[in-house]
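The values are calculated or read from the model by the stated rules, or taken from the named source; none is laboratory data. Everything numeric here is computed off the predicted structure, so don't read it as measured data. FYI the Cβ positions are ideal-geometry reconstructions off the backbone, even for glycines, and counts take in every protein chain you see.
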Amino acid sequence: MNESYYFRTSDPDYIRHAPSRLEILSKAFPTIITQQESEHELQRLIHLLNKLKGSNRCYNIIAQKLRQCRNGSPCNSLICPHCQRERILAQLAMLHVLPGNSAEYVGVVLFFNKDTQTPPPWKNTDALRAQIGRYKQRISRVLNRLGYAGPATGTFSMMRHMPDGPEARIFWVPQLSLFLPNDSTLIKGLKAHMSRSSGEFIDETTVNTPVIVPRYKDPARLLSCALDPAWRTTDYTLTDKDALVKSRVAPLKGRTLLKSLLALDSLGTGAVSFSFGQPQGKCIDFPVMQPLQCTFVVDQIAVERRVTLATTAFSLL
């Protein structure tokens, strides 16, 4: 692909950035998307919108919105990479997440198999918005029943399933990616709920695991996944027992991606975001301190790693 349209600079002062407090925080989390990477993705989306827009002026409007995103006047679009990065950093600060691998948090993905649909979700975003609203109430009630007070944060999205043969059908499955404390009782309770009343079945015979737990150990990466609203696609085959076997998940492409961007921008952040409970204690402050010397354990090997936060470090009040 010709990437000549990408805007590149080594000076972050010329790129849209989060508030200074969050940019300081970002230096401790190398797995979080950078300013440069966000700008790279922003320009790619604008190029795609301009290239494939045809006569649909809605794509022009979205491209212009992304193009005008500024530090003092963010566009707040659900599909804007810069605004998305800022949301991730704000959650890291609010949830008191510390850098490095940790077993304190876990990612959980819930699949709403009974609501699998064949028509593309952008055909009726109002119905999708209402459906997500019902999911929010349902999962909040489940967390309450399990005795969990919070916090929990996450994002609803759609996964397209493409068959490997012409006889099978294409369908979309709603899902909720969550960022939670690593509590085995809580996770078991969610699995039990999602499996009840044949919740593992897409139809009368086809089985799709209703809950998966990604194996990442980096909380920042887990949170980034939980807050990612992008719709994606996966190829699938069926075993002899009609269980789904999925290939690697991939981004949507071409006009399918374009239509998903239009739908996501229409839905907005509030519609697809899930939040339950409040974080304990006060928010993180960033007093002036010396660089922090941290030691993390990865695969039972102690790795000494210096995290320099300019002239700041974490402090939990």
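A few points about this structure:
- Residue in the range 80-91 that is at pLDDT 95 or above, assigned to a loop (DSSP other than H, G, I, E, B) and under 15 Å from the mean Cα position of the chain (by Cα) present: yes
- Against the criterion of being out of contact with any helix residue (DSSP H, G or I) (no Cβ under 6 Å at 6 or more places or on another chain) and part of a helix (DSSP H, G or I), Leu244 does not qualify.
- Number of residues in the range 179-202 that are of a type outside the set (Lys, Arg) and in a helix (DSSP H, G or I): the value is 12.
- Search result, residues across the range 137-167 that are of a type in the set (A, V, I, L, M, F, W, C), more than 19 Å from the chain's Cα centre (by Cα) and not in a helix (DSSP H, G or I): Leu146, Ala149, Met162
- Residue within the range 113-134 that is buried (at least 19 other Cβ atoms within 10 Å of the Cβ) and charged (D, E, K, R) present: no
- Filtered residues of the range 221-241 (kept if of a type in the set (D, E, K, R) and closer than 20 Å to Gly268 by Cβ): Asp228, Arg232
- Residues of the range 93-136 satisfying the condition of being within 17 Å of the chain's Cα centre (by Cα) and of a type in the set (Gly, Ala, Ser): Ala93, Gly107
- Criterion (closer than 25 Å to Leu238 by Cβ and touching a residue at least 60 places away in the same chain (Cβ under 8 Å)) met by exactly one of Ile212, Ile187, Ile139: Ile212
- Residues satisfying the criterion are present in the range 168-178 (criterion: outside any loop (DSSP other than H, G, I, E, B) and closer than 20 Å to Leu89 by Cβ).
- The range 247-272, subset among the small types (Gly, Ala, Ser) and part of a loop (DSSP other than H, G, I, E, B), residue surrounded by the fewest Cβ atoms within 10 Å (Cβ to Cβ): Ser247
- Enumeration of residues in the range 213-235 that are farther than 20 Å from Gln84 by Cβ and either within 15 Å of the chain's Cα centre (by Cα) or part of a loop (DSSP other than H, G, I, E, B) (or both): Val213, Arg215, Lys217
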